[in-house]
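Remarks on the structure that follows.
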Amino acid sequence: MSEAAAQPSLYLIDASLYVFRAWHSMPDEFQDADGWPTNAVHGFARFLLELLEKERPRYIAVAFDEALDSCFRNKLYPAYKANRDPAPEELRRQFAHCKALCAALGLNVLAHSEYEADDLIGSALHAARPRGFRGVIVSADKDLSQLLMAADEQWDFARGLRWGMAGVKARHGVEARQIADYLALCGDAIDNIPGITGIGSKSAAVLLSHFDSLDQLLARIDEVPFLRLRGAAGMALRLREQREHALLWRQLTTIALDAPLGEVEQDFLRASADAQVLTALADALRFGPMTRRRLLEAAGVA
């Protein structure tokens, strides 16, 4: 039996990714009893039911981004994610419905006003490792690859792709443990992190291949001009000039492992579902008969 198969799996769901994806892809014909749109809830429910039916996880936590503009990273760098428009009220309401749906299904829900979903996932996995768990991170987000260790895997559910720690380099050109340093160097446009001027993804990968870490790179900048890398002398100059920025960017790209998890931290075990609440949600959100049946079957109360 492989090491991964011998360990219990803790499923960690990056819920916000799938809520946003449904918000942008599902038609706006769905409405709740009060006339508010529910397209994101319907899309998220389909994803969640498919995952539960396919995997039947015993240990699971679903992480939501509640820190939309109050994350600790905004205090370090006010422009963090400033390139994103605020979530409209129609979407905020649907996030609340998605959280309620997860709770009614007996799934552990993670949310915090100062920590992002990535931090909650990282902290949950960090807390679970000493208890013998392996992580199954359900997300396509490359940031989360930094959490992968030997028995863990990441799952891009929509594309049906799974990879472990060893597969990160084939995808991004760096090791899993180097992802935060990599993003600090080349930047992350999605989160509005500039990176170091003139250093792109390929150059960042070459630098980390040679120096192993951002700390070693900054300690040995004098060696950079001698690398077989186009523009190496200019990179060395900019790394000296932007040293403090590089360290700040790494603070932003590093996933926290100490976010508060509350009672969820105790065992991550899936709880019993609440059929009454599920039925009330299905009524309020105007779920069709097929979705209602699947919800009750997933809850074990069909």
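Just so it is clear, none of the values below were taken in a lab; they were calculated from the coordinates. A quick note: this is a predicted structure, and the numbers were derived from the prediction, not measured. Don't worry about glycine lacking a Cβ; one is built from the backbone with ideal geometry, like all the others, and counts go over all protein chains shown.
Taking label positions 7 Å along the Cα-Cβ direction at both residue 269 and residue 210, the computed distance is 5.4 nm, reported to one decimal. Taking the number of Cβ atoms within 10 Å of each Cβ as an exposure proxy, the fewest-first ranking of 285, 120 is 285, 120. With R₀ set to 45 Å, the beta-carbon distance separating residue 131 from residue 31 gives a calculated FRET efficiency near 0.55.
Treating each Cα of the range 176-253 as one equal point scatterer and applying the Debye formula with no solvent, the log10 of I(q)/I(0) at q = 0.22 Å⁻¹ comes out as -0.94. Compute the helix-to-body angle for 243-253: its Cα long axis versus the longest principal axis of the chain, expressed 0 to 90° and rounded to tens. The two axes meet at around 20 degrees. A simple spin-label model places pseudo-atoms 7 Å from Cα toward Cβ; at residue 301 and residue 58 they are separated by 2.3 nm. Under 11 Å from the 7 Å Cα→Cβ point of residue 158, by amide nitrogen: which residues of the range 26-56? Once the point is set 7 Å along Cα→Cβ of residue 158, 26 turn out to lie under 11 Å by backbone N, inside the range 26-56.
Among 291, 38, the order by Cβ neighbours within 10 angstrom, fewest to most, reads 291, 38.
Taking the number of Cβ atoms within 10 Å of each Cβ as an exposure proxy, the fewest-first ranking of 55, 244 is 244, 55. Antiparallel DSSP bridges in the chain: what percent, to the nearest 5? Percent antiparallel among DSSP bridges in the chain is about 30.
Distance between the 7 Å Cα→Cβ label points at residue 226 and residue 89: 6.4 nm. Here the relative contact order of the chain, from alpha carbon pairs under 8 Å that lie six or more residues apart, stands at 23 percent. For Cα Rg over 2.2 N^0.38 Å, computed directly from the structure shown, the correct entry in [x] 1.09; [y] 1.00; [z] 1.17 is [x]. A straight chain from residue 277 to residue 69 at 0.36 nm per residue would run longer than the Cα-Cα distance by 71.9 nm. With axes computed from alpha carbons, what is the tilt in degrees of helix 89-104 against the longest principal axis of the chain, rounded to the nearest 10 within 0 to 90? Relative to the chain, helix 89-104 is tipped by roughly 70 degrees.
Between 0 and 90 degrees, the angle of helix 289-299 with respect to the longest Cα principal axis of the chain falls at about 70 degrees.
For the chain, the 222 nm mean residue ellipticity estimated from helices alone, with every DSSP H stretch of n ≥ 4 adding -39500 (n - 2.57) and the total spread over all residues, rounds to -13500 deg cm²/dmol.
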